[in-house]
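Working notes, beginning with the structure itself.
The values are calculated or read from the model by the stated rules, or taken from the named source; none is laboratory data. Bear in mind that the values here come from a model prediction, so they are computed numbers and not experimental data. Please note: Cβ atoms are built from the backbone with ideal geometry, for glycine as well, and neighbour counts cover all protein chains shown.
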Amino acid sequence: MPAPPIAPPPPDPAIVTGQLSILDVMIVEDQPLFREMLAVLLADQNGLRVRAVASSTESARHVDVRTLDVALIDLRLPDGDGIRLGRELRLRRPGLGILVLSASDSISTLLDVPGSEAAGWGFLSKNSSLSASALVYAIRAVAAGRTVLDPAIRAQREIRRNSPLTRLSRRQREVVALVADGLTNAAIADRLGISPRSVDAHLNAAYGLLGIPASRERNPRVEAVRSYLQHTTSSWTSAG
């Protein structure tokens, strides 16, 4: 069955304040129609410069990764794997935001990215009904180092029985789920109608219940998203 409708993302603070930074985005997608559609869609958005290629080989041949801020990469490419390409690009451009695109619910493939590298990675399904504004929000989120899961797929995931997530209160699970959607604490507070201080408190409590230690090497928000992936299962059924 198709995914349920999801709430639109909060306004991008940079857009609201008029301080929009320009992001250079590369699309790596082998399906010509989908590649062209993405390129046209994103080229119409303020603050994005877009280049599109069809393969890993073309990305290396035609695009200087050092000039990029974000790469949108198909999970299955004719000459490689999207996760592998993303990690290779990161070696040449540390901090590059990576959004993986897939026609199926392969969201757990993000667990193939080591936790120490997972900040700034995201997953979007080609089958979900993301709007242009939601796509741009996801691009800006990974560019800022946040982890993003497709909200429609994330909403379809079910918590495993006896997993650490069952220790969390309903509100704590809501907050962790919205972190997985790539929202900032301020945006989560606005979405749930609570204060940013309450969001901090819920997150810190969730970190403790999930056994996420304080560490300079690991971002606790990223670790919370990885825990969410590890301890949930998919009930998503693709329409195609």
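Total residues in the stretch 159-188 satisfying the condition of being assigned to a helix (DSSP H, G or I), touching a Gly at 6+ places or on another chain (Cβ under 7 Å) and either without any contact (Cβ under 8 Å) to a residue 24 or more places away in the chain or buried (at least 23 other Cβ atoms within 10 Å of the Cβ) (or both): the figure is 0. Evaluating Y228 against the criteria (1) modelled with pLDDT under 90; (2) of a type in the set (F, W, Y); (3) not in a loop (DSSP other than H, G, I, E, B) leaves one unmet condition, (1).
Within the stretch 43-74, how many residues turn out to be of a type in the set (K, R) and surrounded by 15 or more Cβ atoms within 10 Å (Cβ to Cβ)?
We begin by selecting, within the stretch 43-74, every residue of a type in the set (K, R); these are 49, 51, 61, 66.
Adding the requirement that they be surrounded by 15 or more Cβ atoms within 10 Å (Cβ to Cβ) leaves 51.
Residues that pass the stated criteria total 1.
Take S21 and decide whether it is polar (S, T, N, Q), at negative phi, surrounded by fewer than 19 Cβ atoms within 10 Å (Cβ to Cβ) and at pLDDT below 95.
For S21, the condition - polar (S, T, N, Q), at negative phi, surrounded by fewer than 19 Cβ atoms within 10 Å (Cβ to Cβ) and at pLDDT below 95 - is met.
Being β-branched (V, I, T), at pLDDT 90 or above, farther than 19 Å from G97 by Cβ and more than 17 Å from the chain's Cα centre (by Cα) narrows it down to one residue among T237, T166; which is it? Full working, then the answer.
Numbers: T237 fails: at pLDDT 90 or above.
Criteria check complete, one pass: T166.
Please go through the stretch 123-140 and pick out each residue that is among the aliphatic types (A, V, I, L, M) and either closer than 16 Å to I73 by Cβ or not in a helix (DSSP H, G or I) (or both). First the steps, then the outcome.
Looking only at the stretch 123-140, we keep the residues that are among the aliphatic types (A, V, I, L, M), and these are 124, 130, 132, 134-136, 138-139.
Of everything in the stretch 123-140, those that are among the aliphatic types (A, V, I, L, M) and either closer than 16 Å to I73 by Cβ or not in a helix (DSSP H, G or I) (or both) turn out to be L124, L130, L135, A138, I139.
Among the residues making up the stretch 129-158, a single one is more than 19 Å from V50 (Cα to Cα), without any contact (Cβ under 8 Å) to a residue 60 or more places away in the chain and aliphatic (A, V, I, L, M): V148. Entry remark, the stretch 75-87: residues being crowded, with 19+ Cβ neighbours inside 10 Å and either among the hydroxyl-bearing types (S, T, Y) or in contact (Cβ under 8 Å) with a residue 40 or more places away in the chain (or both) number 3 in total. Residue count for the stretch 167-187, restricted to those that are of a type in the set (S, T, N, Q) and farther than 15 Å from A144 by Cα: 2. In the set (1) surrounded by fewer than 21 Cβ atoms within 10 Å (Cβ to Cβ); (2) assigned to a helix (DSSP H, G or I), the condition left unmet by A214 is number (2).
Kindly check whether there is at least one residue in the stretch 31-40 that is outside any helix (DSSP H, G or I), at negative phi, out of contact with any Gly (no Cβ under 8 Å at 6 or more places or on another chain) and not small (G, A, S). Let's see the steps before the verdict.
From the stretch 31-40, those outside any helix (DSSP H, G or I) are 31; that's our starting set.
Now drop any that are not at negative phi, which leaves 31.
Narrowing further to those that are out of contact with any Gly (no Cβ under 8 Å at 6 or more places or on another chain): 31.
From the residues that got through so far, the ones that are not small (G, A, S) too are 31.
The answer is yes, given that some residue of the stretch 31-40 is outside any helix (DSSP H, G or I), at negative phi, out of contact with any Gly (no Cβ under 8 Å at 6 or more places or on another chain) and not small (G, A, S).
Scanning the stretch 189-211 for residues that are in a loop (DSSP other than H, G, I, E, B) and surrounded by 17 or more Cβ atoms within 10 Å (Cβ to Cβ) turns up just one, L210.
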